[in-house]
Amino acid sequence: MSAVVPFEKSVGALLKEAQIYIQSGLLPREIRSPQQAVVIMKKGQELGIPAMEALSSIHVIQGKPTVSPQLMLGLARRTGQLEDMKIAYNGESCSVTLKRKGQSPHTESFGSAEASSMGLSRNPNYKTQPMVMYKWRALSAALRVVFPDVTCGMYTHEELSPETRVNEDGEIIDEVKFVQQEHGESVAKMADRGKQQIEEKKAEIQEDPTAIATVNDERTVSAGELRKRITNALMEICDGDIDEAKKLLIDASSFKE
């Protein structure tokens, strides 16, 4: 009979393993510490998937582990209990029917009506690949009903974070690579361009009397007005991309008169 490995020791071993993965630079950029990696690896153990597969497929969103719809389906197939699966499109929606051995078929549907009621119609994912998104929404919903012991109540990345960009397989798209593809330039060049435009906007604000207050006979830029105007300028620079604007705003926070 094999000895039971103490929980603390198993976590210690995972921490060492996670440290190697972190140092390799091959993990998703949101995994920044061994502790974060270990939590995902432990979740992977619960789901019965290897460490590297867990680290590349499981993402923590709003404090909850999420998986791609492909992985969710793969876990159901591994049980050997998925007897049949049918996917049907009617132009406006998608229906997914799953049958587990010994059970009646179950169908879930998702379409433009559901997307509209949930405020997803203008979401980039749904504007560029609506039928793909409908399919994954219907599939994940069906899997949670038919295979609750496998999905453990988990949701896909996009279900918990609709603004997250995903590809046709439901996998999260690397935002840095996406920005580079969309704008045809590296993020570093975009940052340099943004910094230059911030400097120009700062100089413009300094010349605007409405943004200047006189304190002890010294002309000083209003911090609140400066931040507001720079934020608006950044939103224009980044075409409304809030996350990218926040990154560039870090530079603005260091301005001092």
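FYI, it's all coordinate maths here, none of it is from the lab. Every value quoted in this text rests on a predicted model; they were computed, and no experiment measured them. Don't worry about glycine lacking a Cβ; one is built from the backbone with ideal geometry, like all the others, and counts go over all protein chains shown.
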Region 9-47: trypsin sites (Lys or Arg not before Pro) in DSSP loop, at most 10 other beta carbons within 10 Å: ARG29
Which far-off residues, 5 or more places away or on another chain, put their amide H under 5 Å from the one on ARG165, with H placed in the peptide plane? ILE173
Extension gain from GLU30 to LEU15, taking 0.36 nm per residue of separation minus the Cα-Cα distance: 3.7 nm
Can you tell me the length gained on complete extension of the stretch MET131 to SER116, counting 0.36 nm per residue apart and subtracting the Cα distance? 4.0 nm
With charges only on Cβ, +1 for K and R and -1 for D and E, what is the dipole size of region 10-57 about its Cα centre, in debye, rounded to 20? 120 debye
Once the Cα gyration tensor of region 14-121 is diagonalised, what are the square roots of 5 times its eigenvalues, in whole Å and ordered largest first, as equivalent ellipsoid semi-axes? 33, 20, 10
Starting with the fewest neighbours, write out VAL11, VAL150 ranked by other beta-carbon atoms found within 10 Å of each beta-carbon. VAL11, VAL150
So which of LYS43/LYS99; LYS64/LYS135; LYS42/LYS101; LYS64/LYS99; LYS42/LYS127 end up more than 31 Å apart, counting from Cα to Cα? LYS42/LYS127
What residues qualify as long-range amide H neighbours of ILE61, i.e. H under 5 Å apart, gap of 5 or more or another chain, H built at 1.01 Å from N? THR66
Of TYR89, TYR126, TYR21, how do they rank once you tally other Cβ atoms within 10 Å and put the fewest first? TYR89, TYR21, TYR126
